[in-house]
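Presented below is the structure to which this report refers.
The values are calculated or read from the model by the stated rules, or taken from the named source; none is laboratory data. Values in this document were obtained by computation on a predicted structure and should not be read as measured data. Cβ coordinates were reconstructed from backbone atoms using ideal geometry, including for glycine residues, and neighbour counts include every protein chain displayed. All accessible areas refer to the heavy atoms of the entire protein, side chains included, with ligands and DNA or RNA removed. Shrake-Rupley method; radii C 1.70, N 1.55, O 1.52, S 1.80 Å.
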Amino acid sequence: MSHSVAGEPPSAGRRAAPLTTAVYSAVEWDLLTGLPGRVLVAAASPGPGRPPRGVAAGLAGLDAVAAGRAFDSDLVRAVVAAIYARHDGTSAAAERLTDVVDLLAACRAAVRVLERRADPADSAAYRQWVESVAARVCRAAAGESSPADRRFLDRLGGALGLR
């Protein structure tokens, strides 16, 4: 388990940076590290009943991704570190613009990976963090979500096993 009080040093015998990625195959790790970017892109994209987003929404999404660095989850922090460590600043998964159906399928696949491999607390933290990226993008423009945004967020939450 990866939970400790924020700012507390790791307990004796525990590494400060566990090899979280060693638990996942390359395909699974690409899925987990690419999903936040895909969610950001989908949330920022206009759709039926969803307003066009501006720069503020994209920045809110990036800020939400970066906020994962402060999570009390080794998994979330490792995913954020991997996202920032990419040399070209992109994710192969985020480069593919996919529709919402594909995104929701990717979310369900990530949940299955997390159920098999992750500590339950890390799994919950990751899924909540990914959902928070979309929520911050959807709220960025007007401070609240449109009905279409709420439907998108509900579908995303369901696919992430949060509803």
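Accessible area per residue of region 40-79 at 1.4 Å probe, in Å²?
Numbers: 1790 Å² over 40 residues.
Averaged over the residues of region 40-79, the accessible area is 45 Å².
Treat each spin label as a single point 7 Å out from the Cα along the C-beta direction, and report the R139 to A121 distance in nm.
2.5 nm
With every protein chain left in place and a probe of 1.4 Å, what is the accessible surface of S146, to the nearest 10 Å²?
My reading of the accessible area for S146 is about 20 Å².
Once you have the Cα-Cα distance between S25 and S45, take 0.36 nm times their residue separation minus that, and quote the gain in nm to one decimal.
Working: separation 20, 0.36 × 20 = 7.20 nm, distance 3.01 nm.
The span from S25 to S45 would gain 4.2 nm if fully extended.
Give a residue-ordered list of calculated ³J(HN,Hα) values for region 123-138 (Karplus: 6.51 cos²θ - 1.76 cosθ + 1.60, θ = phi - 60°; whole Hz; x for Gly, Pro).
Along region 123-138, the couplings run 4, 4, 4, 4, 5, 5, 5, 4, 5, 5, 4, 5, 4, 5, 5, 5 Hz.
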